[in-house]
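Asker: Sharing a structure, written as structure tokens. Questions coming.
The values are calculated or read from the model by the stated rules, or taken from the named source; none is laboratory data. Since this is a predicted model, take the numbers as computed values, not measurements. FYI the Cβ positions are ideal-geometry reconstructions off the backbone, even for glycines, and counts take in every protein chain you see. We work out accessible area using only protein heavy atoms, side chains counted, and drop any ligands, DNA or RNA first. Shrake-Rupley method; radii C 1.70, N 1.55, O 1.52, S 1.80 Å.
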Amino acid sequence: MACTFFSHAVPEVVECHGERFRLFLDAATIQRRVAELGQEISRDYAGKRPILIGVLNGAFVFLADLIRAITIDCEVDFLKLSSYGAEKVSSGQVYELKKIDADIRNRHVLVVEDIVDTGLSMQFMLERLKAHEPASLATVALLHKAEATRVEVPLDYVGFRIPNQFVIGYGLDYGQLARNFSSIYVLEN
Ligand code: 5GP
């Protein structure tokens with residue numbers, strides 16, 4: 001198997017594509033923070049029917065939980081960007097692989113990312129989306145690697161600030177695996 005759990009329940013260590021990862025944020029901690037973010041967004045956007053734009057593939061798990069923590073009317077759409085592929089560091093190249101379907105002109109838009117690393121993907125998306133003239137444009141990132149910043153991007157809602165290390169799970173992959181883990185794991189040095 002390309003991904004192996006070394007114990008049952010919430011494993012402390014997993015192996016993925018031959019590399020070892022240790023538990024970093026357990027599922028309960030993630031769920032508590034996602035609930036808080038949902039409450040904040042519900043309060044800030046009351047009466048505005050925001051549209052949340054998830055960035056595929058990584059953000060689909062976070063977005064699925066986040067919208068269920070939101071208690072006001074909201075809509076969802078997706079766009080897809082190129083990812084790391086099977087690498088553990090950003091290539092610095094961003095390509096759009098799928099555009100949004102929704103008409104976001106005069107809409108309140110929230111871009112939902114699993115992780116902001118160099119900031120290049122978020123900068124790229126914000127530029128693209130601004131061209132559609134939304135009424136407002138805000139950003140949500142479950143994870144932020146502040147030390148990895150190459151371009152400053154405005155982050156309005158951040159789940160966790162994390163060190164500049166490679167993480168997997170809860171939507172984040174390594175070579176397309178580990179997205180199905182409920183907890184987040186960090187690469188062991
Ligand atoms: P950025 O453009 O900010 O450098 O990177 C954003 C994208 O890179 C994220 O949406 C995610 O797909 C990927 N990424 C950045 N850091 C990590 C990480 O630690 N683990 C995984 N699996 N993907 C990451």
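Asker: Any idea how many residues of region 102-123 are buried (at least 18 other Cβ atoms within 10 Å of the Cβ) and either in contact with a Pro (Cβ under 8 Å, 6 or more places away or on another chain) or not polar (S, T, N, Q) (or both)?
Answerer: 15
Asker: One residue is enough: does region 86-100 have a residue meeting the conditions at positive phi and near the ligand (Cβ under 9 Å from one of its atoms)?
Answerer: Scanning region 86-100, I find at least one residue that is at positive phi and near the ligand (Cβ under 9 Å from one of its atoms), so the answer is yes.
Asker: Step by step: first the residues of region 131-151, then only those that are out of contact with any strand residue (DSSP E or B) (no Cβ under 6 Å at 6 or more places or on another chain) and open to solvent by 30 Å² or more (accessible area, probe 1.4 Å), then the one that is farthest from the ligand (Cβ to nearest atom). Which residue is that?
Answerer: Checking each candidate, the answer is 133.
Asker: Could you please let me know if residue 171 is near the ligand (Cβ under 9 Å from one of its atoms) and buried (at least 17 other Cβ atoms within 10 Å of the Cβ)?
Answerer: Judged against the criteria, residue 171 is a match.
Asker: Look at residue 54 and say whether it is in contact with a strand residue (DSSP E or B) (Cβ under 6 Å, 6 or more places away or on another chain), closer than 19 Å to residue 33 by Cα and either modelled with pLDDT under 95 or open to solvent by 30 Å² or more (accessible area, probe 1.4 Å) (or both).
Answerer: no
Asker: Given the condition under 21 Å from residue 162 (Cβ atoms), at pLDDT 95 or above, within 16 Å of the ligand (Cβ to nearest atom) and open to solvent by less than 30 Å² (accessible area, probe 1.4 Å), answer yes or no: does some residue in region 67-82 qualify?
Answerer: No, region 67-82 contains no residue that is under 21 Å from residue 162 (Cβ atoms), at pLDDT 95 or above, within 16 Å of the ligand (Cβ to nearest atom) and open to solvent by less than 30 Å² (accessible area, probe 1.4 Å).
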